[in-house]
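Undergrad: For reference, the structure I am asking about is given below.
The values are calculated or read from the model by the stated rules, or taken from the named source; none is laboratory data. Just so it is clear, the model here is predicted, and its values are computed rather than measured. So basically every Cβ, Gly included, is an ideal-geometry build from the backbone, and we count neighbours across all protein chains shown. For accessibility, only protein heavy atoms count, side chains too; no ligands or nucleic acids. Shrake-Rupley method; radii C 1.70, N 1.55, O 1.52, S 1.80 Å.
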Amino acid sequence: MSAEPTARYRRSRTRSRNVSPLPALALSQFQPHEYDLNSLCTQLVCPHCKTWVPITGINSKKPKLVPHDTAVDRNGAAVRCMGSHRLVVLDVTREKWERRRQDGVEPSVRRAAAQHRKPQPMVPTPVVRLAAAPATQELATVARLSRLLAEAHAGLVAHRGECRTCDGRRRCREGVELEYRLAEVRATVTARRELAAAVQRRQDEVQRLEAVQQNRLNRARVLRSASATDRRRGALPCGEAPLECLPVPETTLHPQRRAR
């Protein structure tokens, strides 16, 4: 009777000999929370895709990041990350990493303790700017909605370029939701623009009426000043106005010769 076949023990090693041409990553350049030196799984945050990637070949001369993917292209093929097969320099011991993780992050990036300050009262809007506030707020809202409209349109175009179902006649569920969102944002932008235009017209009318009233007040003030000047002018005698000097003597002077 033959013995039951068993799998032969294989030593753990790096399956690929490829090495990335990018410079090696040193663990001392990362924060303690960006890599893990546990014995079960040694891993590091890839600087390209910002995902946790295992480090293979810990006991070898060339430890490096395992090959990993970042996304899927429109044909369904995986896109390999640039950080695959990148060498890693293990210049931090496990004891030092444990101590740094327990003590916290580096002092240079440590934030100060949160300070709870008493909230200050809001400064009210000046009276001269109360009329311009609604129109300014509406214009700011329209600007934000315009950016949302551009983002919704760009998202729909990108989805149509990647989706195989949305070809102009058929639409997938995600494509329908993106179209509904684009239509809602577009309708909201149109309504907000009309409201902003109405508010601007109303404010322009108020400013025009205020300008007319101010012109009337200025004209009445000028007329009152002119009337007062005419009254003062009529009270003076005709002829030249007297100069501001000493009065003229009214008695006749008879000079006499001084006795010798």
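Undergrad: If a residue counts only when it is open to solvent by 60 Å² or more (accessible area, probe 1.4 Å), touching a residue at least 12 places away in the same chain (Cβ under 8 Å) and closer than 30 Å to His159 by Cα, which strands (runs of 3 or more DSSP E) contained entirely in region 21-91 have at least 2 such residues?
TA: Details: elements: 35-37, 42-45, 52-56, 69-72, 78-80.
Hits in region 21-91: 69-72.
Undergrad: Search region 143-158 for residues that are over 17 Å from Glu194 (Cβ atoms) and pair each with any residue that is open to solvent by 60 Å² or more (accessible area, probe 1.4 Å) and modelled with pLDDT of 80 or more when their beta-carbon atoms are under 9 Å apart and the residues are at least 6 apart or on different chains.
TA: That search, which allows pairs on different chains as well, returns Leu148/Thr188; Ala152/Arg181; Ala152/Glu184; Ala152/Arg186; His153/Arg186; Gly155/Arg181; Leu156/Arg181.
Undergrad: Ok, one more. Quick one: Gly104 ticks every box in (1) open to solvent by less than 90 Å² (accessible area, probe 1.4 Å); (2) under 30 Å from Asp36 (Cα atoms); (3) modelled with pLDDT of 65 or more bar one, so which box is it?
TA: The one condition Gly104 does not meet is (3).
Undergrad: Quickly run through region 155-180 and pick out the residues that are open to solvent by 90 Å² or more (accessible area, probe 1.4 Å) and in a helix (DSSP H, G or I).
TA: Applying the first criterion (open to solvent by 90 Å² or more (accessible area, probe 1.4 Å)) to region 155-180 yields 160, 162, 164, 169-171, 173-174, 177, 180.
Once the filter is applied, which keeps residues that are open to solvent by 90 Å² or more (accessible area, probe 1.4 Å) and in a helix (DSSP H, G or I), region 155-180 yields Arg160, Glu162, Arg173, Glu174, Glu177, Tyr180.
Undergrad: What residue, of Ala183, Ala187, Ala152, is surrounded by 15 or more Cβ atoms within 10 Å (Cβ to Cβ) and either farther than 27 Å from Ala77 by Cβ or out of contact with any Gly (no Cβ under 9 Å at 6 or more places or on another chain) (or both)?
TA: Details: Ala183 fails: surrounded by 15 or more Cβ atoms within 10 Å (Cβ to Cβ); Ala187 fails: surrounded by 15 or more Cβ atoms within 10 Å (Cβ to Cβ).
Checking each option against the conditions leaves just Ala152.
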